[in-house]
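The values are calculated or read from the model by the stated rules, or taken from the named source; none is laboratory data. Note that the structure is predicted; figures quoted are calculated from it, not measured. We place every Cβ from the backbone using ideal geometry, glycine too, and count neighbours over all the protein chains shown. The protein model used for the area step is the full one, side chains on, heavy atoms only, and it has no ligands, DNA or RNA in it. Shrake-Rupley method; radii C 1.70, N 1.55, O 1.52, S 1.80 Å.
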Protein chains: 2
Amino acid sequence: MTIIPEQAAVLDLGLDAAELTARLVDIPSVSGDEKPIADAVERALRTLPHLTVDRYGNSVVARTFLGRAERVVLAGHLDTVPLADNLPSRLDEDGVLWGCGTSDMKSGVAVQLRIAATVPEPGRDLTFVFYEHEEAKAHLNGLGRIAEAHPDWLGCDFAVLLEPTGGQVEGGCQGILRVLLRTAGVRAHSARSWTGSNAIHAAAPVLARLATYRPRRPVIEGLEYHEGLNAVRIEGGVANNVVPDACTITVTFRYAPDRTPQDALAHVRETFADCGVEEITVGNAAAGALPGLSHPAAVAFMTAVGGTATAKLGWTDVARFSALGVPAVNYGPGDPLLAHKQDERVDTRLIAHCEDRLRAWLTRPAP
Amino acid sequence: MTIIPEQAAVLDLGLDAAELTARLVDIPSVSGDEKPIADAVERALRTLPHLTVDRYGNSVVARTFLGRAERVVLAGHLDTVPLADNLPSRLDEDGVLWGCGTSDMKSGVAVQLRIAATVPEPGRDLTFVFYEHEEAKAHLNGLGRIAEAHPDWLGCDFAVLLEPTGGQVEGGCQGILRVLLRTAGVRAHSARSWTGSNAIHAAAPVLARLATYRPRRPVIEGLEYHEGLNAVRIEGGVANNVVPDACTITVTFRYAPDRTPQDALAHVRETFADCGVEEITVGNAAAGALPGLSHPAAVAFMTAVGGTATAKLGWTDVARFSALGVPAVNYGPGDPLLAHKQDERVDTRLIAHCEDRLRAWLTRPAP
């Protein structure tokens, strides 16, 4: 016998998407604490007879098996960044819903749940993925862990990630390469500095190269990407009376998806080749994703949702689909500029609009 | 009634300077824990009838009052840097004494104590200063605190600081100016870095200026000083996905004693005038000291100890005497290159040599 605590959240999928967003926001789910919201989502999905529901950790996957020619994934994460005294949610008189996770991305999750509940006979088979640990440690990312343990759960022809895009389609994503550049020197007492060699001074050519770097803006499948090469951290120093023998500059390279991670690293090495860098080590590398907008399912999607696609400049989990060979786009009702902010909020009209557009796409017959 | 613990150290001033150094080294006295050694020094000095002994905190001052025409100070600090598993002391077969404080500067303190005990009728009145807190926080420095609370205790015509100089006379000292240079920027997500402005990149001109800076080597009263301008710390960065809006470079300027602290700051401001620095703040400023070797007491001292004076490049407490209008030199048996090191040691022959030279000077009749 399973005892369900009285206060366990019950999600009514008959609510409209804005109200459902508020219910989801009011179940706190900071990364690592997704169990209550995952339980609620799982329970709600299990009431829908047309879906087969699976669970892995605090991630939930629900699928139709209608024998359609194509399958699409609608994916979203359940977790949020830490609260900032911005719960419970609050709907203002302008129809704007305030609170942690409203934009990133419980409004997207609400749209997923609404589609799951209200489109029992979609033109394409559907897979809904609700996953944990997107905001914090990459190795715990629920989508990544499902891709490893149950790759078949993610099999599809096209994926939509409902991360906040303000209701615009954003194609693919840029890759990330983080490297540590270390300059070297020889320690000495600062009163006899000429007996040593200053590693912080040795970083001058690296910073000069960064300051004058001109990033590419390649157009790929009609979308303009915009690269960026930035020092995001610099650290050097031993003590106030010591000429330092080491200085480390952390550089983040955001690169367009026409480069592979290997290309990106080669470019970084070449860029700093004559800057006196002692050592380059890779701190983090995540491939980008090509937009894949020429895929038939993507074309149908674009026709249904309308508007013009733009390039996704930040890295998102679409790259995980890309790594599985699946074209994927970002499309969600949240505002990306409000993600992770104390005054995070979402325009509820945009939630309804996204739900509407996705339903229009998914209820249409497909090849 | 005062109860003296059985284990309280008793210093036998009849020991030779090398043995006395070992006894002093074996009384641990890391900055802040000088009481046991100060007690031992005070007790030993109070057995000498020709001296008047005063104490302030854990600093001890002992003076002759013989009505001589001149008075000289012999000064040394009682504290050491933290232990590094280098106690108790150990004398090897080559006559080298190993242990924390052997060079910096209990061998100098031993010489002071030996002179105090064995020169009851000096040609110049003598003041012995043994002080606390030289190695750590400057505001607790015993010499500085005596200069504030009991400046009369330090009144004299010439001072010798027995800091380690390898038995060579080092005149005056260079000043120190530490400044924080802050560059500014505008935060942005690193995926849209062109919407911000990178404060680490903005540090490039500062580091380039430091890397190409040519320090002066002025000759003052026959001694060649050697300035140095060095970044000793650099810090910048917010998070791996954020273009940083601030970067701080800590720069230490070691300057020759022909500049005042005001001159030094003006020079630093001018040096970085066109480097895009948002703000310069002064972290620490300590005036240098002119060598003062033309003073008659200094001439007599140089004649007695022999050798050629060189410029003191590091900052020492001679600057505190200089601030009181007293010429002062550094002259001690320790090896300055071994100070603060785990393998700190001192050649005991040099201790005896210094004691010998100082006795030769001080037993001579003076004007």
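At-a-glance table
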item: Selection count, the range A:193-227, where residues are outside any helix (DSSP H, G or I) and either buried (at least 21 other Cβ atoms within 10 Å of the Cβ) or more than 8 Å from every other protein chain (Cβ to nearest Cβ) (or both); result: 18
item: Subset tally (residues that are touching a Ser or Thr at 6+ places or on another chain (Cβ under 8 Å) and open to solvent by less than 20 Å² (accessible area, probe 1.4 Å)) for the range B:319-338; result: 6
item: Test: B:Ile249 is more than 14 Å from chain A (Cβ to nearest Cβ), of a type in the set (A, V, I, L, M) and in a strand (DSSP E or B); result: no
item: The lone exception for A:Asp263 - which of (1) charged (D, E, K, R); (2) within 30 Å of A:Leu15 (Cα to Cα); (3) more than 14 Å from chain B (Cβ to nearest Cβ) it fails; result: (2)
item: Count - residues of the range A:282-322 that are out of contact with any Gly (no Cβ under 9 Å at 6 or more places or on another chain) and under 19 Å from A:Asp263 (Cα atoms); result: 4
item: Candidate set from the range B:182-192 (those that are more than 8 Å from chain A (Cβ to nearest Cβ) and in a strand (DSSP E or B)); member that is nearest to A:Gly288 (Cα to Cα); result: B:Ala188
item: Count - residues of the range B:257-309 that are open to solvent by less than 50 Å² (accessible area, probe 1.4 Å) and in a helix (DSSP H, G or I); result: 13
item: Residue identified as within 26 Å of the chain's Cα centre (by Cα) and either in the same structural domain as B:Glu355 (by TED's automatic domain parsing) or of a type in the set (S, T, N, Q) (or both) among B:Val160, B:Val232; result: B:Val160
item: Qualifying residue in the range B:197-212 (condition: modelled with pLDDT under 95 and in contact with a helix residue (DSSP H, G or I) (Cβ under 9 Å, 6 or more places away or on another chain)); result: no
item: Among the residues listed as A:Val305, A:Val238, A:Val219, A:Val299, the single one being out of contact with any strand residue (DSSP E or B) (no Cβ under 6 Å at 6 or more places or on another chain), of a type in the set (Val, Ile, Thr) and under 30 Å from B:Leu177 (Cβ atoms); result: A:Val238
item: The range B:310-325 - residue that is part of a helix (DSSP H, G or I) and within 14 Å of another protein chain (Cβ to nearest Cβ) and, of those, nearest to B:Leu162 (Cα to Cα); result: B:Val318
item: Contacts under 7 angstrom Cβ, first residue in the range A:303-324 being among the hydroxyl-bearing types (Ser, Thr, Tyr), partner in a loop (DSSP other than H, G, I, E, B) and modelled with pLDDT of 90 or more, 6 or more apart; result: A:Thr310/A:Gln168; A:Thr316/A:Glu163; A:Ser322/A:Leu290
item: Residue check, B:Ala110 out of contact with any strand residue (DSSP E or B) (no Cβ under 6 Å at 6 or more places or on another chain), open to solvent by 10 Å² or more (accessible area, probe 1.4 Å), of a type in the set (A, V, I, L, M) and closer than 28 Å to B:Asp16 by Cα; result: no
item: Residue that is at the interface with chain A (Cβ under 8 Å from one of its Cβ atoms) and open to solvent by 40 Å² or more (accessible area, probe 1.4 Å), where the choices are B:Asn241, B:Asn230; result: B:Asn241
item: Filter result (open to solvent by 10 Å² or more (accessible area, probe 1.4 Å), more than 8 Å from chain B (Cβ to nearest Cβ) and within 30 Å of A:Tyr331 (Cα to Cα)) within the range A:166-181; result: A:Gly166, A:Gly167, A:Gln168, A:Glu170, A:Ile176
item: Sole exception among (1) out of contact with any helix residue (DSSP H, G or I) (no Cβ under 8 Å at 6 or more places or on another chain); (2) surrounded by fewer than 24 Cβ atoms within 10 Å (Cβ to Cβ) for A:Leu51, by number; result: (1)
item: Criterion violated by A:Ala69 - all others in (1) under 25 Å from A:Val299 (Cα atoms); (2) in a strand (DSSP E or B) satisfied; result: (2)
item: Members of the range A:73-116 found to be out of contact with any Ser or Thr (no Cβ under 9 Å at 6 or more places or on another chain), within 12 Å of A:Cys354 (Cβ to Cβ) and among the hydrophobic types (A, V, I, L, M, F, W, C), listed by number; result: A:Ile115
item: Meets criteria (in the same structural domain as B:Leu180 (by TED's automatic domain parsing), without any contact (Cβ under 8 Å) to a residue 12 or more places away in the chain and touching a His at 6+ places or on another chain (Cβ under 6 Å)) for B:Ala211; result: yes
item: Boolean, A:Leu97 is more than 18 Å from A:Cys156 (Cα to Cα), assigned by TED's automatic domain parsing to the domain that holds A:Phe321 and open to solvent by 10 Å² or more (accessible area, probe 1.4 Å); result: no
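Per-residue answers, yes or no, for (1) touching a Gly at 6+ places or on another chain (Cβ under 6 Å); (2) farther than 24 Å from B:Asp343 by Cα; (3) assigned by TED's automatic domain parsing to the domain that holds B:Ala40; (4) part of a helix (DSSP H, G or I):
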residue	(1), (2), (3), (4)
B:Glu93	no, no, yes, no
B:Leu113	no, yes, yes, yes
B:Ala116	no, yes, yes, yes
B:Pro120	no, yes, yes, no
B:Leu126	no, yes, yes, no
B:Arg145	no, yes, yes, yes
B:Trp153	no, yes, yes, yes
B:Cys156	no, yes, yes, no
